[in-house]
Each structure stands twice: as C-alpha cells, then as structure tokens.
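The values are calculated or read from the model by the stated rules, or taken from the named source; none is laboratory data. Bear in mind that the values here come from a model prediction, so they are computed numbers and not experimental data. Here the Cβ is made from the backbone with ideal geometry for all residues, glycine too, and neighbour counts use every protein chain on show. Ligands, DNA and RNA are stripped out before the accessible areas are found, and what is left, the full protein with its side chains, is counted by its heavy atoms. Shrake-Rupley method; radii C 1.70, N 1.55, O 1.52, S 1.80 Å.
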Amino acid sequence: MNMQFNKTVFFNYDEDYELLFHFPTYNMLKVEKIYKSAIIRILKGESDSEIIKKESIPELKLRELKDTIKGSFNGTEYNFDKLENKLTRITFLVTTGCNLKCRYCYAHEGSYNYPAENMSKETARNTLEYFTKGYGNIPNVMFFGGETLLNLEVVEFICTEFEKLLERNVINKIPNYSLVTNGTLLSKEALEVIEKHQIGVTVSIDGDKLINDKLRIYKNGKGTFDTIIKNIKKLQTILPEGGVSYEATYTNLHEEMGITVQSVLDTIEELTGIKSGVIMPVKGVEGKNDYTPKYDIGDSEYRDLKENNWNKLEKGEKIEDSEFTALINRFIERRIPKYICSIGYESFTIAPNGDLFPCHMLTDAKLDNLKIGNIKEEPESVKKSIEQFKKKLQILRKSESSRCLDCYAIGLCGFCPAMEIASNGFEIPEHFDDYCTRARKNAEYFVVRMAKNREDEEKWENMQKSIELTFS
C-alpha cells in the first residue's frame, strides 16, 4: 500500500464497525471490526502470506479488503496551501479612544496602553501601499477600536482609497469590509458610510438589559442597552440579511446570575432577530481578569451549542457559527490549514501610530516583544521585521511540527492562541495538551458523525442544502 499506517486511525463507529480515517486526505472507510487486525497488517505492508497465516483470513477476502482500501484512499500528501506570500486580513485599529468603560475590557478601555488617538490618513495610506504592493489583493479588512466609529473619517478614507487602487489596477477586487462597534455612536454619517461601502457590522452586546447594563457601561456608569438595540434596528434597515452580527462576552457575572451561554444567544436573537454571532468567555493574560468565568470551550455547555449546529446541518438549515462553518469548509475542500492560527503570517493589525502587530488581541504598547515593527518604516525594513517575527510564531505552524503532522486532528484543529502567547512568551505551555486532547475528541466526533450522515440519505441531502445556504 502507498499509505503510511501512522497517517490513519480507527474510530469506533458502532458495535460491529470501525471507521478508518486517513487524515491527510479526509478519506473514510467503514470496516467490520473482525477485520481490523488484518487491515492494520495490510497498512503496515505485511505480505499476503503473513496476513493469511496470522489472521486465518481467506485469500479472496484479503484481496477484497486490499482492493477496497486502495479504492477508498487516494494519496498521502497533506493538502497544505502552497502559497507563502498570502494575506487574508488586515485589521485597522483606527482609534484607541473609547466612549465606554466596559468592566471586563482586556484592552484598557480600548487604548491598548496607547494614548487615546485616532489613526491618521497618512498611516492608513502607508498601510495600504505596503500591503497591496507586497501582497496584491487584501481579501478582508476589519475596522476596529477602541470605539471604531470615533474615527469614521479614516474608515471612509480607507474604503475610498481601495476604490482608487482598483481603478489603477493595483488590486482587482475590493475587500470584504467588517466593522466592530459598541453600537452607541451610530450617526447619520456613519450609516451612510456603512451602507455605501456595504460594511458588515458586528455589534457588541452581552445579553438582555439587566446583564448588559451591568457590564457595558458609559464612563458615567450609565447602561448602553437601549441605545444598542435602537442602533441595531437602524443597521438592519440598510444592510442585507446577515450584514449585522453580534459579539457577546461571557463573564462570571453571567454565571452568578444563572445566565447560561445558550440563554445569552437565545435572548439576543429574540431581541434583535440576529442569528449570526459569537460568544466568548472573558480571558485575561495569565488569568488576570476579575470577570473570567468558569465556563470554557471544553465544557458540556459548549458542546451543546455545537450540537445545535449539527441539528441545523441535518435539517437543511443555514449555519451561523463561523467556527463550525470553517470545519465544514475544510472537510468539503479537503484542505488542511497550515497554521493553528495565521496571525503574523496571513493577518496583521495596525495601531493608530503605525505599530504593526500580529493580531488585535496581541496589541499592547507596553509589550515590545509582541510588536513586529512600524508601517512607516521603509518597506524593506517592514518586510524584514515581518520575516523575523514569523520565527517567533513557529509554534503555530502545523506544517513544520511533527506533533501536528502525526495527529489525526490536524485538519480540524485551530484555536485562538493570543492569550497564551502573551502569557508565555511564544513558548508552548504545558496546558496546550488540553487543547490538543480536546481537538482530537472533537475531530473524532466530527468525522464519525459525517460518515453516519453519508449513510442516511435524508440527512445527507439536507446537509447539502444546509451547506449551499451557508456558503452562498
């Protein structure tokens, strides 16, 4: 066989069958348990005579097994993206000013330890010039803060500059724009810019009025809920369905008040009609955040949320969970992500003064070890700084890690490493093993459930409908 045994794994399918999974190619094969030992010997390359003797298996059945395996598994190469000079997203931290004082804010009231200032047009232009010359198209652009809408002028400037770059054939496609806002400063001018450039908007909201107004407050202590709801409705009148999403932060205060993760999602959907969004537990560097909950993405409550996604998939409904849709997309395309996370390789964040960071979650004026360089430097100097910084991020590179290459979850694994990097100085902490264990469990469940759906004609047809709705 041309398939390495250490690139396959058996998963329990049911009482009578095992599922053989070839993880470099996502190929699957259901086999009877009584032949598992013989198949292992086939994959190890033992001779027919040895297998027949040791397993007491008829020669005809052995040939049948070998033909079935050969016909079901194609190739052994990992389908990593070959492109190195690739860009997926630029995040413009257009301001470090904020009009709120959210109690759990990891970014020091949106300042990231910078003075409260807005990005200039010059810095924005320098960023566009460097990345479009070096990479060509920029598929995704995110506008972030602080409170992003405090610097609407530069948001509009960047969108207009992209249009000029398109006219000059520097790029051949306008990016997909997204903007994150606390939802309190939606002026008439902001609505016009958002509608004109079709900027997808994510609004931060943490649940109903009671919990939101305990956490997301103005500097005078007043709650923000009523204003957020009013402005969400305005956004929904100018953007297409799916153009408005939410971001909820889950805290220990939610837990103390008996508010579950699921109830947060249900409440936000009921109040706003928005189905697309994410909920993330508060995390702090080395756990230093007084609002960190016990809830973690390994908990049963989190698994229940994922079960809801499977139910939607099997009923032919649209999936709104971006993490789950990413898994589905990888499975369909048989694509294995090269990185645990592509920060510093394929995505970057620009602070108002031009400082370049791998991610907005790792932006901090006081942490020089997290800063790549400054976009105002000479292009060759910026390029050199990026290449040097990538060496710090080797821990994220699956394609060069034997730990990852030999793991059956390699194609279905990924998580946000930002807080771990900030806490551990680019070293893999011991508890990364927890992530790996969780990834393997999730991968096994995902693969087996996919295999079972393939055998159920109705579910398989519904799944195709769901995928079409989700990715259309």
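Structure notes:
- The dipole here belongs to the chain: it is taken about the Cα centre, uses +1 on the Cβ of Lys and Arg and -1 on the Cβ of Asp and Glu, and is about 840 debye.
- Selection among S178, S342, N308 by position relative to the dipole of the chain gives S342 as farthest towards the positive end (Cβ unit charges, Cα centre).
- Segment 413-425 - phi-based ³J(HN,Hα) in whole Hz, Karplus 6.51/-1.76/1.60, Gly and Pro as x: 10, x, 7, 7, x, 4, 5, 5, 5, 5, 7, 10, x
- Between the entries (1) 47; (2) 52; (3) 58, the label attached to percent of Cα pairs over 30 Å apart calculated for this structure is (2).
- ³J(HN,Hα), Karplus 6.51/-1.76/1.60, whole Hz, each residue of segment 351-358, x for Gly, Pro: 7, x, 8, x, 4, 10, 10, x
- Amide H contacts of D355 (H built 1.01 Å from N, under 5 Å, at least 5 apart or other chain): I375
- Sorting 188-199, 95-106, 450-461 by their mean Cβ neighbour count within 10 Å, with the most densely packed peptide first, gives 95-106, 188-199, 450-461.
- Across the chain, the relative contact order, built from alpha-carbon pairs under 8 Å that are at least six residues apart, equals 16 percent.
- For segment 148-230, the solvent-accessible area works out to 46 Å² per residue, with a probe of 1.4 Å and every protein chain left in place.
- Rounded accessible area per residue of segment 389-467, 1.4 Å, Å²: 50 Å²
- Within the same chain, aspartates and glutamates fewer than 8 places from K121 are excluded, and of the rest, those with a Cα less than 19 Å from its Cα are E129, E147, E153, E156, E161, E163, E189, D355, E377, E378.
- Look at the alpha carbon pairs under 8 Å that are at least 6 residues apart: their mean separation over the length of segment 180-289 gives a relative contact order of 28 percent.
- Counting only the Cα atoms, segment 346-472 fills a convex hull of 144 Å³ per residue.
- When a 1.4 Å probe is rolled over the protein heavy atoms, the share of accessible surface on the chain that falls to carbon and sulfur comes to 47 percent.
- Cut-off 19 Å (backbone N to label point 7 Å along Cα→Cβ of S472), residues of segment 216-242: 240-242
- Each peptide in 399-406, 210-217, 130-137, 348-355 was scored by the mean count of other Cβ atoms within 10 Å over its residues; highest first, the order is 348-355, 210-217, 130-137, 399-406.
- Across segment 196-207, coupling constants 3J(HN,Hα) worked out from phi with the 6.51/-1.76/1.60 Karplus curve, θ = phi - 60°, read 4, 9, 6, 8, x, 10, 10, 9, 7, 7, 10, x Hz, and Gly and Pro carry x.
- Partner lysines whose Cα lies under 26 Å from the Cα of K398, excluding those fewer than 8 positions away in the same chain, are identified as K7, K44, K82, K86, K283, K306, K338, K371, K383, K384, K390, K441.
- For segment 33-169, alpha-carbon Rg and Dmax in angstrom: 29.3, 78
- Put simply, the amide H of T202, placed in the peptide plane, has neighbours under 5 Å in L179, V180, T181, S245, leaving out anything fewer than 5 places away on its chain.
- Accessible surface computed residue by residue for segment 86-141, with neighbouring protein chains in place and a 1.4 Å probe, gives 40 Å² per residue.
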